[in-house]
Amino acid sequence: MEAFIPSTVQLFIDHGCKGSSNFGSSLELTEADADPESVADEILELFMGGDRIYNPAAERRPFFYDITVPLRSIQKGEEIFFNELASSGLNEFAWKEEVLALQEKCSRIETAT
């Protein structure tokens, strides 16, 4: 079996459920309000810009590194959270899978606490 492990800050980041992200893109959209059946307008705007013309370069670029900035001061020892919906892309099948997986993950975390 072959595995890829990033050697960047991405290794230490988890999804921030219900808008708890402190790193990355400042999306208003969370997995709780995302519709798995339709890519959200906020994601379309992020990938295509205001004119809604598809930009294939936006899908191919290492997108994570374009949007990885602290959203607020992060304290020593604090866990880093990123809204993974920002890196889902425009593929409708991938969007649906991502939203459903994040909704399930966050509901398990909520149930455990």
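The values are calculated or read from the model by the stated rules, or taken from the named source; none is laboratory data. In this text the structure is predicted, and so the values were computed from the model without any measurement. Because the Cβ atoms are built from the backbone with ideal geometry, glycine has one as well, and the counts that use them run over all protein chains shown.
Results, tabulated for the structure shown:
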quantity	calculated
Qualifying residue in segment 47-67 (condition: touching a strand residue (DSSP E or B) at 6+ places or on another chain (Cβ under 9 Å) and at pLDDT 90 or above)	no
Residue within segment 17-37 that is outside any helix (DSSP H, G or I), in contact with a Cys (Cβ under 6 Å, 6 or more places away or on another chain) and at pLDDT 70 or above present	yes
Hits in segment 11-25 (condition: crowded, with 20+ Cβ neighbours inside 10 Å and within 13 Å of S73 (Cα to Cα))	S21, F23, G24
Count - residues of segment 70-92 that are closer than 13 Å to A40 by Cα and either of a type outside the set (D, E) or part of a strand (DSSP E or B) (or both)	7
